[in-house]
Every structure is written in C-alpha cells, then in structure tokens.
1. Looking at this structure, is Y64 in a helix (DSSP H, G or I), surrounded by 10 or more Cβ atoms within 10 Å (Cβ to Cβ), of a type in the set (S, T, Y) and without any contact (Cβ under 8 Å) to a residue 24 or more places away in the chain?
2. With the structure loaded, tell me whether I56 is outside any helix (DSSP H, G or I) and either surrounded by 11 or more Cβ atoms within 10 Å (Cβ to Cβ) or not charged (D, E, K, R) (or both) or whether it fails that test.
3. So which residues in region 26-48 are within 21 Å of F7 (Cβ to Cβ) and either surrounded by fewer than 10 Cβ atoms within 10 Å (Cβ to Cβ) or touching a helix residue (DSSP H, G or I) at 6+ places or on another chain (Cβ under 7 Å) (or both)?
4. Looking for something assigned to a loop (DSSP other than H, G, I, E, B) and open to solvent by 60 Å² or more (accessible area, probe 1.4 Å) - is there at least one such residue anywhere in region 2-11?
Amino acid sequence: MDKVEIFYEHALHEAMEALERGWDPHEVAGAYMAIAMRLYKSTMNEEDFKRMRDIIQDSDIPPYEKKKLH
C-alpha cells in the first residue's frame, strides 16, 4: 500500500466510526468535503483549483453500500 492508500484507509475508518457514533452521513461528508476543498484552495493556484473542482464535479463516483452507512 502506498502513502495515499494508507491515509485513505485511515480517513475512511474515522468516517465510519463517526457514523457508528450517530453522526449523519451528510454531516460527515460535508466536513470532509469542506476540509478537502479548503486544502485544495490553499495549495493550488486558481486555474488548478478550478480544474480540480471540475474533475470532482464531473466524476462518476460509486456509492458505498447502504448497510455500511447506517
């Protein structure tokens, strides 16, 4: 596993624990999305940020299984 995969697994574990503690999935996702967008905005020039935002918006992301989220 590379560093990105290791961190992804860590972040996913934290998110799933938050769901198990009763946090709403939209609250958890919103917090992670806000952190991600602010990190991108803080570390990219405007053109690259807009490109990244468009890539995220246009991505076809599969959902997690419902049973994992409740």
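The values are calculated or read from the model by the stated rules, or taken from the named source; none is laboratory data. Source: prediction; values computed, not measured. Cβ coordinates were reconstructed from backbone atoms using ideal geometry, including for glycine residues, and neighbour counts include every protein chain displayed. Ligands, DNA and RNA are stripped out before the accessible areas are found, and what is left, the full protein with its side chains, is counted by its heavy atoms. Shrake-Rupley method; radii C 1.70, N 1.55, O 1.52, S 1.80 Å.
1. No.
2. In short, no.
3. V28, Y32, Y40, K41, S42, T43, M44
4. Yes: one or more hits.
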